[in-house]
Amino acid sequence: MHQSKLHILIIFIFIFLQQSLVASEWGKPKETEKKLFNVQVIESFATVIADSIDFSSTTEASRRIEIKSEVMTTVDQVMIKAGTLVKKGQHIIKLDDFDTNKELFDIDLLSKNEFNKVALFAPFNGILLDGHKIGGELVMPGEKVYELIDLSSLKIFGYINENEILSISLDNEVKISILGEEIVGKIDYISPISDPNTKTFEIVVKVDNKNYRYKDGLSSMISIKKGEVLAHKISPSILALGNDGALGLKVINDENKVLFKEIQVIEDTSEYMLVTGLNEKEQIIIVGQQYVSNGEEVSF
């Protein structure tokens, strides 16, 4: 009898211990998996492109001068038609008293300086513009008799901001697009002082104009090459702002964490941007970047 009671007691103790063990296992808090925000990324590779400063401008003749009379006289004859190419030293318009002064000059009774006051020879090769005096017209001292323009080369003006001026010198490569045609130019002048209002520096690009192909006043686009950079081609829709308002992108680093990188835009079109400031290879977040923060671990 005592043995059966002991046996029953042992069974009860075993059951109690089993229940306690099970209860302790159920009571343990389960480890929960860390939930990460999911984003979409694109693997982007940089390409080497030319970094340039581009601006629009207008062509301008290298020289343009008004030939003025120093005496009161009348015009005897216009010897050249407007629009004609003339040579340096050529006689363009004959004044009434030219022949008399020429005779005096030939016998050394009139100095060259005095003779030139009525000769008004062309000072350089150029093209005679319209709007000159005509035969029989009175000319007063200081009044324009004719105007000459030199189109053998062109000047194109531009303005560079102070953040870029240090990368520009007379040796920079320059390309100019005029009416869809591309030609090579050269920086002829860089202003040593900035405009106090705009903080920009004037530059002048010179272009050889063989055969007088291009005219004064044509629209042009100037591209000054600064060097070469690694650039990524991105969609403007994936841009982000840093805490300080800087423009940038959010990328994924090797630890699957979000990293904000500030960028510089070197070309902006309606379809894409070319930007610098990134590594040669980047995992760029393209969906969900507005919902994740710098340093946050994410899945992708």
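Check whether at least one residue in the stretch 48-62 is more than 30 Å from Glu228 (Cβ to Cβ), in contact with a Phe, Trp or Tyr (Cβ under 9 Å, 6 or more places away or on another chain) and not in a helix (DSSP H, G or I), and report yes or no. Yes, there is a match, as at least one residue in the stretch 48-62 is more than 30 Å from Glu228 (Cβ to Cβ), in contact with a Phe, Trp or Tyr (Cβ under 9 Å, 6 or more places away or on another chain) and not in a helix (DSSP H, G or I). Taken residue by residue, the stretch 71-84 has no member that is acidic (Asp, Glu), over 30 Å from Asn209 (Cβ atoms) and surrounded by fewer than 15 Cβ atoms within 10 Å (Cβ to Cβ).
Each row is one residue, and each column tells you yes or no for (1) open to solvent by 50 Å² or more (accessible area, probe 1.4 Å); (2) part of a strand (DSSP E or B); (3) farther than 30 Å from Val184 by Cα.
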site	(1), (2), (3)
Met221	yes, yes, no
Ile224	no, yes, no
Val229	no, yes, no
Asp244	yes, no, yes
Val251	no, yes, yes
Asp254	yes, no, yes
Val258	no, yes, yes
Ile284	no, yes, yes
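Screening the stretch 112-125 for residues that are farther than 19 Å from Gln77 by Cα and modelled with pLDDT under 95 and picking the one that is most open to solvent (accessible area, probe 1.4 Å) gives Lys112. For the stretch 260-275, filtered to residues that are at pLDDT below 90 and in a loop (DSSP other than H, G, I, E, B), the residue that is nearest to Asn38 (Cα to Cα) is Glu271. The residue that is most open to solvent (accessible area, probe 1.4 Å), among those in the stretch 146-199 that are of a type in the set (A, V, I, L, M, F, W, C) and part of a helix (DSSP H, G or I), is Leu166. Screening the candidates Val251, Val292 for the property of being modelled with pLDDT under 90, β-branched (Val, Ile, Thr) and either touching a Leu at 6+ places or on another chain (Cβ under 8 Å) or over 26 Å from Asp54 (Cβ atoms) (or both) yields one hit, Val292.
Asn209 satisfies every condition listed in (1) within 15 Å of Phe55 (Cβ to Cβ); (2) open to solvent by less than 60 Å² (accessible area, probe 1.4 Å); (3) not charged (D, E, K, R) except (1). Taking every residue in the stretch 240-259 that is farther than 18 Å from Glu297 by Cα and pairing it with any residue that is surrounded by 18 or more Cβ atoms within 10 Å (Cβ to Cβ) and among the β-branched types (Val, Ile, Thr), at least 6 positions away or on another chain, the pairs with Cβ-Cβ distances below 7 Å are Leu247/Ile263; Gly248/Ile263.
The values are calculated or read from the model by the stated rules, or taken from the named source; none is laboratory data. Bear in mind that the values here come from a model prediction, so they are computed numbers and not experimental data. Using ideal geometry, Cβ is built from the backbone for each residue, glycine included, and neighbour counts are taken over all protein chains shown. Calculation scope for accessible area: heavy atoms of the full protein, side chains included, ligands and nucleic acids excluded. Shrake-Rupley method; radii C 1.70, N 1.55, O 1.52, S 1.80 Å.
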